[in-house]
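Structure first, then comments.
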Amino acid sequence: MYTASTALLEALDEAGVSHIFANLGSDHPGIVEALAEAQATGRSVPALVTCPNEMVAMSAAHGFAQASGRAQCVLVHVECGTQSLGGAVHNAAKGRVPVLVVAGSSPFTQEGELRGSRNEFIQWIQDVSDQRGLVRGYMRYDNEIRTGRNIKQMVHRAMQFAYSDPKGPVYLMAAREVLEEEVPRVETDLAVWQPIAPGALPPEGVEELTAALLAAKRPLVVTSYLGRRVAAVEQLTKLCRRLGVMVLESVPNYVNFPHDDALYQGCQWNEPRQNSALAEADLVVVIDSDVPWISAHSRPGAEVPIFHIDVDPLKQAMPLWYIAARRVFRADAATALGQVNARLDTASIDAAAVAARMAVLRERFAQRREALAAREAPGSVLTPEYLTACIRARVDEDCLVLVEGISNYTVMIDHLASTRPGGMFTSGGGSLGWNGGAAIGAKLAHPEKTVFALGGDGCYMFSQPSTVHWMARQYRTPFLQIVYNNRGWKSPKLSALAVHPDGFASRANEIGVTFDPPADYAGIAAAAGGALGLTVKRPEELESALDAGLRAVRQEGRAAVLDVWLPHL
Ligand SMILES: Cc1ncc(C[n+]2csc(CCOP(=O)(O)OP(=O)(O)O)c2C)c(N)n1
Ligand SMILES: [Mg+2]
C-alpha cells in the first residue's frame with residue numbers, strides 16, 4: 001500500500017529530515033502505519049522520536065537545526081498539539097530557525113465515506129474553524145494538504161520557505177482521510193526545490209561601504225546573529241583585522257567574533273548605560289541584528305553614518321522597528337562581507353592609521369580582560385562569574401554550549417569568552433524553556449559532542465524537565481545542564497524596578513517572583529531519567545561537581561543536572 005502518509009515520509013527523507021519529533025494522536029494512523037510498514041520492509045524513513053511534550057519536540061528540532069543547519073519535522077496532534085507547541089513556535093520564528101511542523105486535523109467525513117472517517121468522539125470536539133491561524137503569525141509558510149497526490153511537492157515547497165532567508169518554521173496540516181489516501185508515487189527531483197540563493201550587495205553598495213570603512217577613524221560593526229554561519233565570522237574577522245574595525249555584540253545569539261581578539265568590544269544586553277564603543281564610533285555597520293542598541297539609553301552619535309546589512313532588514317515580523325540607517329541592504333552577511341573583502345584586495349589601506357588604532361584597542365582589550373578575570377576570583381560566595389569561568393575551563397572544541405541565561409546573559413557571554421564560531425548559541429527568541437529540548441536536539445545532531453545547557457532556575461522549570469530527562473535517557477542524548485539558581489525570577493523584578501525604582505514594589509518583601517523553597521531540580525531529573533543530580537551550594541564544591549557531571553555525560557552516558565545556588569535574587 002502506498003498512501004499519502006508513505007509519500008509524506010518519503011518526501012521528508014528526500015528533504016534530509018532524519019528525525020520526526022512526534023506527539024501522536026487520533027489524526028496519525030496513516031503515518032503510524034506507514035512508519036511501521038517502512039520498518040517492516042526496510043525502507044528508509046526518518047527516525048521517530050517520541051516527545052511527551054510538544055514544546056520540547058519543537059525545541060529539540062530548533063536545537064538540532066541550530067547545531068547542524070538541517071531542518072527536522074515536528075509532528076503534532078491537530079489544533080491541541082499545535083497549541084501545545086506554545087512559545088517554542090515563537091522561538092523558532094524569532095530565531096529564524098528552519099523547522100517543518102506537520103499536524104493532522106479532524107476527519108471531514110462522518111459516515112465512513114472514506115478511510116479515516118470519524119470514529120472517535122474527540123474528532124467532533126477537535127474540529128475548529130482555523131487551525132492554521134493558531135500559528136500563522138509565526139510561520140514563513142502554512143498550507144493545508146488537500147490531496148496525497150501532491151503531498152511531496154507541498155513538503156518540498158514548505159522546505160524551500162524554511163531554508164530561504166529569513167529562515168524559519170513552516171506549517172502543514174492534513175486531515176485524516178487525506179493522510180490515508182492511496183496515491184500513485186510521484187518522482188521529485190530535489191535539484192529543482194532549492195532555497196533562494198544568498199543575497200549580495202549591489203556593486204555600488206560595495207563601493208560605498210568600502211569607501212566609508214576606509215575613511216573612518218573609529219569604525220564599528222554591531223551584530224547579533226551573523227555567527228549563525230561560520231563563513232560569515234571568517235569574513236568579518238578578516239575584514240576587521242585588515243582595517244582595525246571594532247566589533248560590538250548586541251544581544252548576541254551566536255559566536256559572531258572571537259572574544260579573544262583585541263577588536264572585540266564586549267556585549268551589551270539590557271544594561272541601562274550608553275555603550276562606549278557605540279558612542280565613540282564614527283561609522284556604524286549593523287550586520288544581522290534585531291536589537292543593535294536600546295535607544296532609551298544607548299545609541300550612536302547623532303551624525304554618525306549607519307549602514308545596515310541584514311537577511312531581514314525590514315524586520316517584517318516586528319511592527320515597531322527602525323534605526324537611522326542611511327543605506328540598507330538585504331544580503332547574506334558572509335556574501336556581503338566577502339564582497340567587501342574582495343574589494344579591499346585592490347584598495348589602498350592606510351596601514352599606519354590601522355596600526356595606531358590597533359595599538360589603542362589592544363591596550364583597552366587587556367584592561368577589559370583583567371577586569372573580567374578579577375570578577376571570576378573564587379570567594380566565600382558562589383557567583384555566576386566564577387561558575388561560568390569554571391565551565392569555560394572545561395569547554396573545548398568538542399563542546400556545544402546552549403545558553404538561556406536571562407538575567408545572567410551578559411555574565412555567561414562575557415565569561416564563556418567564546419572563540420569558536422558555532423560553539424555557543426541562544427534560542428534567539430523570548431519564550432523561556434528552550435534549553436532542555438534544544439540540548440537533546442543538538443546532541444542528536446552531534447552525538448560525538450559534549451553538550452552543555454546553561455540556564456536560569458525559571459528556565460529549567462519552563463523547559464519541562466520531566467519530559468526532557470525522560471527523553472535524554474530514552475534516546476541516549478546525555479547532556480550537562482547547569483541551573484543558575486537564584487531561587488526565582490530575577491528578571492521580572494528588575495523590570496519592575498527599572499520602571500518604578502522607588503515605588504511600593506521596590507520596598508515590598510514579596511512581589512511574586514521567588515521560589516522559596518525551590519523544587520529539587522536535580523531530583524526531578526534523577527527521577528525522570530536517571531540523571532546524575534547534584535546540588536551545589538558552596539564554591540569549594542563546584543569543580544568536583546562539574547567533573548562528576550562531565551564523567552556522567554561522557555563515560556556513564558547519562559545526563560547530569562547541577563543545581564548551583566547563587567546569591568538570592
Ligand atoms: C514563556 C515565558 N513566560 C514568561 C516570560 C517572562 N519572563 C522573562 S524572564 C523570566 C524569569 C526567568 O527566570 P530565570 O530563568 O530563573 O532567570 P532569572 O531572571 O532569575 O535570571 C520570566 C518569567 C517569558 N519570557 N517567557
Ligand atoms: Mg532565576
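The values are calculated or read from the model by the stated rules, or taken from the named source; none is laboratory data. Note that this is a predicted model, so its numbers are computed, not measured. A quick note on method: Cβ atoms are made from the backbone with ideal geometry, for glycine too, and the neighbour counts reach across all protein chains shown.
Structure above, values below:
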item: Near pairs, Cβ below 7 angstrom, 6+ apart or cross-chain, from segment 472-490 (among the hydrophobic types (A, V, I, L, M, F, W, C)) to any residue that is in a strand (DSSP E or B) and within 13 Å of ligand 2 (Cβ to nearest atom); result: Ile482/Leu454; Ile482/Val564; Val483/Gly455; Val483/Asp563; Val483/Val564
item: Check on Ala277, touching a residue at least 40 places away in the same chain (Cβ under 8 Å), assigned by TED's automatic domain parsing to the domain that holds Val233 and under 20 Å from the mean Cα position of the chain (by Cα); result: no
item: Hey, Val155 closer than 23 Å to Val192 by Cβ and in the same structural domain as Glu187 (by TED's automatic domain parsing) or not; result: yes
item: Inter-residue pairs, beta-carbon under 9 Å, first in the same structural domain as Phe452 (by TED's automatic domain parsing) and in segment 541-555, second at pLDDT below 95, 6+ apart; result: Leu542/Pro378
item: All positions within segment 498-525 that are among the hydrophobic types (A, V, I, L, M, F, W, C), without any contact (Cβ under 8 Å) to a residue 60 or more places away in the chain, surrounded by 14 or more Cβ atoms within 10 Å (Cβ to Cβ) and away from ligand 2 (no atom under 15 Å from the Cβ); result: Ala505, Ala522, Ile524
item: Filtered residues of segment 443-454 (kept if farther than 21 Å from Trp565 by Cβ and within 15 Å of ligand 2 (Cβ to nearest atom)); result: none
item: Wholly enclosed helices (runs of 4 or more DSSP H) of segment 324-432 bearing at least 3 residues at pLDDT 95 or above and within 16 Å of ligand 1 (Cβ to nearest atom); result: 384-392, 409-416
item: Close pairs from segment 285-297: first part of a loop (DSSP other than H, G, I, E, B), partner surrounded by fewer than 19 Cβ atoms within 10 Å (Cβ to Cβ) and of a type in the set (A, V, I, L, M), Cβ under 8 Å, at least 6 apart; result: Asp290/Met318
item: Count of segment 455-497 residues which are more than 11 Å from ligand 2 (Cβ to nearest atom), within 23 Å of Pro384 (Cβ to Cβ), hydroxyl-bearing (Ser, Thr, Tyr) and touching a strand residue (DSSP E or B) at 6+ places or on another chain (Cβ under 8 Å); result: 1
item: Wholly within segment 200-283, helices (runs of 4 or more DSSP H) carrying at least 2 residues that are among the β-branched types (Val, Ile, Thr); result: 203-215, 230-243
item: Unique match (being in contact with a strand residue (DSSP E or B) (Cβ under 8 Å, 6 or more places away or on another chain) and surrounded by fewer than 24 Cβ atoms within 10 Å (Cβ to Cβ)) among Ala60, Ala92, Ala47, Ala103; result: Ala47
item: Matching option when the condition is away from ligand 1 (no atom under 15 Å from the Cβ) and at pLDDT 95 or above, among Ala496, Ala527, Ala519; result: Ala527
item: Matching option when the condition is in contact (Cβ under 8 Å) with a residue 40 or more places away in the chain, out of contact with any helix residue (DSSP H, G or I) (no Cβ under 6 Å at 6 or more places or on another chain) and aliphatic (A, V, I, L, M), among Val251, Val255; result: Val251
item: Checking Asp396 against (1) charged (D, E, K, R); (2) within 16 Å of ligand 2 (Cβ to nearest atom); (3) without any contact (Cβ under 8 Å) to a residue 60 or more places away in the chain; (4) farther than 27 Å from Met318 by Cβ, the condition it does not meet; result: (2)
item: Neighbours by Cβ (under 7 Å, 6+ apart or cross-chain): first from segment 126-154, among the β-branched types (Val, Ile, Thr); second crowded, with 19+ Cβ neighbours inside 10 Å and assigned to a loop (DSSP other than H, G, I, E, B); result: Thr147/Glu181
item: Yes/no for Thr388 being buried (at least 20 other Cβ atoms within 10 Å of the Cβ) and within 25 Å of His568 (Cβ to Cβ); result: yes
item: Scan of segment 448-487 for residues that are away from ligand 1 (no atom under 16 Å from the Cβ) and among the hydroxyl-bearing types (Ser, Thr, Tyr), ordered by number; result: Thr450, Ser466, Tyr475, Thr477
